[in-house]
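The values are calculated or read from the model by the stated rules, or taken from the named source; none is laboratory data. In this text the structure is predicted, and so the values were computed from the model without any measurement. Note: ideal-geometry Cβ built from the backbone for every residue, glycine included; neighbour counts use all protein chains shown.
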Amino acid sequence: MRRLGYACFGWFVVAFCLLFLAGPVRSDEKVVKLRYATFSPPMSGLAALSDQWCKEVEKRSNGKVKISFHPGGSLAPANQSYEAAVRGITDISLSATQWTAGRFPMSELIHLPLGVKSAFQGTNLINAWFKEFKPKEFDDTKVLYLFASGPSHFMTLKQLSSINDLKGLKIRAAGDTSKIVAAMGAVPVSVPIGDAYEAFQRGICEGVLLSAETLKSFRWGDLLRGLQINDGIGAVNALMVVMNKKKWDSLPPDIQKIIEEVSQEWIERTGKGWDEIDKEATEYGESKGLKVVRISKEEESVTAQKVKPLLDAYVGNMKNLGLPGEETLKFAIDYIKAHP
């Protein structure tokens, strides 16, 4: 009986040791917890793409990375989202370069009326440009990937048939977009993107110059009734997903590799995805009464002449800053021609 007791006790000790050895996670396998902030509304297509990025990183890390996703500006307001990543308020941030005036001078190239025809084309352009010129303006964060919005359109409370109808209209615009608005004879109005819906309701703004995606993500399609497609503008917004530098440097090499691999894949996925989102949002707007008008080739040519001074001004401003404005503009124009 005593021998049986010793045997049972022995098996218990062995089992306990096995459980102890298998249970705790080694110190070098601690879960990395990251926070991801974006301005995109929770139910928007862009937020979905960002959330999918988070889930893919978690999946490939086999649970070594956990990312808490914070859409809708809940962790950092849109115009403070880049600085939030710099200061470590968030670990990862999705932001737009034009929300911080003067901070990304070379990136202003992407906002110019270059004649970009899709988010996919614009996304490939901005990443090719970044690889070619390696602008130092991003050096205070780790850039995970860049992408572009779909082409910006004038979307208005009333239907417009001609570019002449824009004259005097109060158009919500931010950063470099306001220069295009003014060049077309409209009046730029600075309103935070999250407040634009109310601004339309109250008549503070009579329209906006942005991609069609916003018709659905911000529900502007409930109010706006006109959308002008004007390839004479073809301006897109430059967006970025960046990480706090200290946080990036603290990550194990295998985790860094996973994040970079997923980010590289998300360049194409986001560019193509945005074009699909624009299409769906336009259809949403049309279901609410939006009328889409493509302006004539003659008016496209007039538009190109109206906005050309903005291209010249960019080159001049970059020259004053000692930056290669002429080279970057030529690079962009040549790239668009070679990759229609």
| message | Could you go through the stretch 154-165 and let me know if any residue there is in contact (Cβ under 8 Å) with a residue 24 or more places away in the chain, among the hydrophobic types (A, V, I, L, M, F, W, C), in contact with a strand residue (DSSP E or B) (Cβ under 9 Å, 6 or more places away or on another chain) and closer than 18 Å to Trp99 by Cβ. | response | no
| query | Of the residues Lys308, Lys272, Lys288, Lys279, which is more than 30 Å from Lys142 (Cα to Cα), within 18 Å of the chain's Cα centre (by Cα) and at pLDDT 95 or above? | reply | Lys279
| said: Out of the residues in the stretch 170-211 meeting the condition of being touching a strand residue (DSSP E or B) at 6+ places or on another chain (Cβ under 6 Å) and in a loop (DSSP other than H, G, I, E, B), tell me which one is farthest from Leu49 (Cα to Cα). | reply: Ala186
| remark: Restricting attention to the stretch 29-75, the residues that are crowded, with 16+ Cβ neighbours inside 10 Å, of a type in the set (Asp, Glu), farther than 17 Å from Ile277 by Cα and free of Cβ contacts under 8 Å to residues at least 60 places away in the same chain number exactly 1
| said: Criterion first (over 23 Å from Ile258 (Cβ atoms), touching a Gly at 6+ places or on another chain (Cβ under 8 Å), of a type in the set (Gly, Ala, Ser) and modelled with pLDDT of 95 or more) does Ala128 satisfy it? | reply: no
| field | Hits in the stretch 296-310 (condition: of a type in the set (A, V, I, L, M, F, W, C) and either over 20 Å from Ala183 (Cβ atoms) or touching a helix residue (DSSP H, G or I) at 6+ places or on another chain (Cβ under 6 Å) (or both)) | value | Val307, Leu310
| request: Could you please give the count of residues in the stretch 76-115 that are in contact with a strand residue (DSSP E or B) (Cβ under 8 Å, 6 or more places away or on another chain), crowded, with 17+ Cβ neighbours inside 10 Å and not in a helix (DSSP H, G or I)? | output: 10
| query | Do the conditions hold for Phe130, that is, is it free of Cβ contacts under 8 Å to residues at least 24 places away in the same chain and crowded, with 19+ Cβ neighbours inside 10 Å? | reply | yes
| message | I'm told Asn62 meets every condition in (1) within 16 Å of the chain's Cα centre (by Cα); (2) in a loop (DSSP other than H, G, I, E, B) except one. Can you identify the failing condition by its number? | response | (1)
| said: Is it the case, given these coordinates, that Asp231 is modelled with pLDDT under 95, outside the structural domain of Cys54 (by TED's automatic domain parsing) and either within 27 Å of Leu109 (Cβ to Cβ) or in a helix (DSSP H, G or I) (or both)? | reply: yes
| remark: Here the residues within the stretch 234-247 that are crowded, with 20+ Cβ neighbours inside 10 Å, over 13 Å from the mean Cα position of the chain (by Cα) and farther than 22 Å from Ser152 by Cβ are Met243, Asn244
| Which residues, counting only those in the stretch 39-58, are hydroxyl-bearing (Ser, Thr, Tyr) and at pLDDT below 95? | Ser40, Ser44
| query | For Gly316, are the conditions met, namely being over 26 Å from the mean Cα position of the chain (by Cα), over 16 Å from Lys117 (Cα atoms), at pLDDT 95 or above and not in a helix (DSSP H, G or I)? | reply | no
